[in-house]
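K.L.:
Can you read through this structure? Questions will come right after.
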Amino acid sequence: MSHTYTSIGWNRQKRVYDLVMVAGITVFLALFVGLGSVVHSNATIETLLIRGFGTLALLMLHVVLIIGPLCRLSPQFLPLLYNRRHLGVTMFLAALAHGGFSIFQFHALGELNPLVSVFVSNTRYASLSNFPFQPLGLFALIILFLMAATSHDFWLANLAAPVWKRLHMLVYVAYALIVAHVLLGVLQAETNPILAALLGLGMAIVFGLHLVAGYREQRLDEEVRAEAADDYVDVCGVDEIPEKRACIATLAGERVAVFKYDGKISAISNVCQHQNGPLGEGQIIDGCVTCPWHGYQYLPESGASPPPFTEKVPTFNIRVANGRVLVDPRPNKPGERVEPAPVS
Amino acid sequence: MIRLLRVRHRWMITLLAVTLIALFIASLVARKPAPVTPHIPEALIRVEGEKR
């Protein structure tokens, strides 16, 4: 959470994250080029680097894509989410190295402009086995560039969250283009079944985790709750909420996080203003509801971030009766203070 | 609003999974057979220095 913008708000966790990432990339590339030069003794260093960076980018894209659903399934993976942007930008750089080397090696030595050559050197669009796979990779690279260039809170704030979110959902389009690029490119020439099996396994993990996490979210959305006479909805028992934590309920189609802290109960929207993180899966730290994704904070009774920050989420009217928590499903304005309900 | 996004996201992932699995199978089926070393009849192989 930041009030002014810096290029990167470094802290110890981000440094450790990036060090582990750089070490992993170095080891991967060294192993790939080293083993590749032994197994394919005829391959040039340029070819090994093109394939090494391409494989690295594909592997990193799979990791980037599974972090989200893993965190929905278990909070143990939240440390991976914290600095996912750096992983995404580094993945783009690996893809750029792959694309740059490829364009130079295969398209830069003729008379045509290399970028034009990518599109006109093969026009067999009707053939699956000879399909021009390189433009697919180039389109994916353009999407990854747009995402990497806007992976900063400055752009999140200036594009506004809905536009930024839509732009970054294009990662799935980029994934589809890259999988097609690999299937119609290298996997047409390299017939070793292990390569196809590895790609299939990667796809199965990405889609399997997304669908399992999505199914769990759907069940939560569809829970039916009993309404009291005055439209207040019975959400849970007071005893069911751990201290300084929340229970999450879906009311009128939207999720509400009901927090218990210091003998009081408050309800705010479950959706963080930063990147739609699940506030109800966070906890109260220093008197503030703290988003588990990136640490954005809100006061539980008003839904407003403490000064000088300006983020606000809607609050909900609440009361406790017979040990049960009852919530009015109609949200108040973002930042509107609601008197917390005493536990007893 | 957020719920709608979640529903849309689920549908998008399902559609993408079906499309890519179909492409995966089709691309492997359409793959050209692996190149093999051509069998050349011995009679056609000329040893260097040997007269025809």
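K.L.:
Run the simple label-point estimate for B:Ala26 and A:Arg330 please: 7 Å along Cα→C-beta, distance reported in nm.
P.N.:
5.2
K.L.:
Please name whichever of A:Pro334, A:Leu167, A:Leu48 sits farthest to the positive end of the charge dipole of the protein assembly as shown, dipole taken about the Cα centre and charges placed at Cβ: Lys and Arg +1, Asp and Glu -1.
P.N.:
A:Leu48
K.L.:
For each pair in A:Lys165/A:Lys264; A:Lys264/A:Lys312; A:Lys14/A:Lys264; A:Lys14/A:Lys312, compute the distance between the two Cα atoms and list the pairs where it is over 30 Å.
P.N.:
The answer is A:Lys165/A:Lys264; A:Lys14/A:Lys264.
K.L.:
Using Cα springs under 10 Å in a Gaussian network model of chain A, which residue among A:Leu58, A:Leu299, A:Leu198 shows the largest mean-square fluctuation?
P.N.:
Among A:Leu58, A:Leu299, A:Leu198, the largest mean-square fluctuation in the Gaussian network model of chain A belongs to A:Leu198.
K.L.:
So how strong a dipole does chain A carry about its Cα centre when Lys and Arg Cβ are +1 and Asp and Glu Cβ are -1, to the nearest 20 debye?
P.N.:
Its charge dipole is roughly 560 debye.
K.L.:
Could you give the angle, 0 to 90 degrees to the nearest 10, between helix A:193-221's Cα long axis and the longest principal axis of the Cα atoms of chain A?
P.N.:
20
K.L.:
Could you go through the range A:127-140 in sequence order and give the Karplus-derived ³J(HN,Hα) for each residue, using 6.51 cos²θ - 1.76 cosθ + 1.60 with θ = phi - 60°, rounded to whole Hz, and x for Gly and Pro?
P.N.:
9, 7, 7, 10, 4, x, 7, 5, x, 4, x, 5, 4, 4
K.L.:
Report, ordered by chain and residue number, the aspartates and glutamates lying within cross-link reach of B:Lys32, taken as a straight Cα distance under 14 Å and ignoring same-chain residues fewer than 8 apart.
P.N.:
Result set, ordered by chain and number: A:Glu190.
K.L.:
May I ask for the angle, rounded to the nearest 10°, between helix A:45-73 and the longest principal axis of chain A, with both axes built from Cα atoms and the value confined to 0 to 90°?
P.N.:
Value to nearest ten degrees: 20.
K.L.:
Counting only other chains, and only Cβ atoms inside 10 Å, what mean value do you get across the residues of B:22-28?
P.N.:
6
K.L.:
Also: Return one number: the angle in degrees, 0 to 90 and rounded to the nearest 10, between the long axis of the Cα atoms of helix A:12-39 and the longest principal axis of the Cα atoms of chain A.
P.N.:
Rounded to the nearest ten degrees, it is 30.
K.L.:
For each of A:Lys333, A:Lys14, A:Lys260, count neighbouring Cβ atoms within 10 Å of the residue's Cβ, then give the residues from fewest to most.
P.N.:
Ranking A:Lys333, A:Lys14, A:Lys260 by Cβ neighbours within 10 Å, fewest first, gives A:Lys333, A:Lys14, A:Lys260.
Any read-out appearing in this document is the output of simple, stated calculations on the displayed coordinates, not a laboratory observation. Bear in mind the structure is a predicted one, so any value in this text is a computation, not a measurement. Note that we place each Cβ from the backbone using ideal geometry, even for glycine, and neighbour counts take in every protein chain shown.
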